[in-house]
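Some notes on the structure that comes next.
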Amino acid sequence: MRVVILCSSPYSEAGCALTARLAQLGYIPVGALTLPSWDRRTLLRKVGQWGLHDSLHYAVAKLSPRKSTIQKQIRNPYLESALRHGDGVFRSVRDVARTYMFPVVACSAQNSPRAVAQLKQWSPDLAIFTGGDILRDEVLNVPRLGILNAHLALLPEIRGMSSPEWSLLCGVPLGITIHLMDSGIDTGPILLRREFAGANDRDSLAGLRNKMIAEGIELIAQAVAGLDRGTISSVTQADREKDSQFFVMHEQLKAVATRRLTEGRLTEGRSKNDRSKNDRLNPVAGKCDGSGGFNG
């Protein structure tokens, strides 16, 4: 199985952990294609998710490993087992590449002619998307089997961004879906769909997302192995054209989602007030601001 990794940055922690995990299982990539280390769009997304202070603190820890403990180098503690390497940790996809000897190529955009040409040169059976641009057909059609994505919600119920938060707000069970990407937003055929039972009443939204990212990496590993062995097949999404695309959630709504998380109301149906509020605030038409990957 020839696998390629698509990353939003060589320093993407989820991308690094996924790459290392697959290599540990024997699926060493034939290559990794990343956006630049300091891609403006990626930086803006991270600052939006983590805040400026946490983003700067994490960047300093990544770039100054000798002055940081392992714990400070890892933002998501649930990825430590995948990122640990000997007495240290993998800090970037390039670190993993040096250990397992595969190339890493940076490109200005994942849909650029250079990126498409590089993918064709690697001739992958499968690519795995961990974040970045909204992929176009020129990229989607290169891998023989397609491009895998881990979406942090159940599909087709919750598509788009802030998916764990919208699941909580809309009364949809938390879950993770592994699907093959197509030209829509989270509309491609489903390989694995699992409800997530790892939340507890002490979780913050950030802690919940961290747990779900780690679980998503393990599910992607299962999907890769299943595709390689021919024991898994995709299923076309029901209600593919249904308007269920969500955008980045407002902070005030996040506060409501947090209350539902801490109160344990993970599968409670929405009230009429919640439903009408969500219908007003959810702009379902058009495309979301960047593909989700582990950012969804």
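The values are calculated or read from the model by the stated rules, or taken from the named source; none is laboratory data. Fair warning: this is a prediction, and the values are worked out from it, not measured in the lab. Note that we place each Cβ from the backbone using ideal geometry, even for glycine, and neighbour counts take in every protein chain shown. Keep in mind that these areas ignore ligands, DNA and RNA; they rest on the heavy atoms of the full protein, side chains included. Shrake-Rupley method; radii C 1.70, N 1.55, O 1.52, S 1.80 Å.
Summary table
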{"quantity": "Residue within segment 211-226 that is at pLDDT below 95 and assigned to a helix (DSSP H, G or I) present", "calculated": "no"}
{"quantity": "Residues (open to solvent by less than 20 Å² (accessible area, probe 1.4 Å) and not β-branched (V, I, T)) located in segment 123-132", "calculated": "P124, L126, A127, F129, G131, G132"}
{"quantity": "Of the criteria (1) closer than 30 Å to A117 by Cβ; (2) at pLDDT below 60; (3) open to solvent by less than 20 Å² (accessible area, probe 1.4 Å), which one C7 fails", "calculated": "(2)"}
{"quantity": "Residue among I185, I176 that alone is open to solvent by less than 20 Å² (accessible area, probe 1.4 Å) and either of a type in the set (G, A, S) or touching a Lys or Arg at 6+ places or on another chain (Cβ under 7 Å) (or both)", "calculated": "I176"}
{"quantity": "Segment 147-160, residues that are surrounded by fewer than 22 Cβ atoms within 10 Å (Cβ to Cβ) and either among the hydrophobic types (A, V, I, L, M, F, W, C) or part of a strand (DSSP E or B) (or both)", "calculated": "L154"}
{"quantity": "Hits in segment 215-232 (condition: open to solvent by 20 Å² or more (accessible area, probe 1.4 Å) and in contact (Cβ under 8 Å) with a residue 24 or more places away in the chain)", "calculated": "E215, E218, Q222, L227, D228, I232"}
{"quantity": "Filter result for A59 (at pLDDT below 95, among the hydrophobic types (A, V, I, L, M, F, W, C) and in a helix (DSSP H, G or I))", "calculated": "yes"}
{"quantity": "Sole exception among (1) more than 30 Å from A106 (Cα to Cα); (2) part of a helix (DSSP H, G or I); (3) open to solvent by 10 Å² or more (accessible area, probe 1.4 Å) for S167, by number", "calculated": "(3)"}
{"quantity": "Residue in segment 187-195 that is in a helix (DSSP H, G or I) and either closer than 19 Å to F247 by Cβ or touching a Leu at 6+ places or on another chain (Cβ under 8 Å) (or both) present", "calculated": "no"}
{"quantity": "Set A97, A127, A117, A82: member being part of a strand (DSSP E or B) and at pLDDT 95 or above", "calculated": "A127"}
{"quantity": "Conditions (1) open to solvent by less than 40 Å² (accessible area, probe 1.4 Å); (2) at pLDDT 95 or above; (3) among the polar types (S, T, N, Q); number of the one not met by Q237", "calculated": "(2)"}
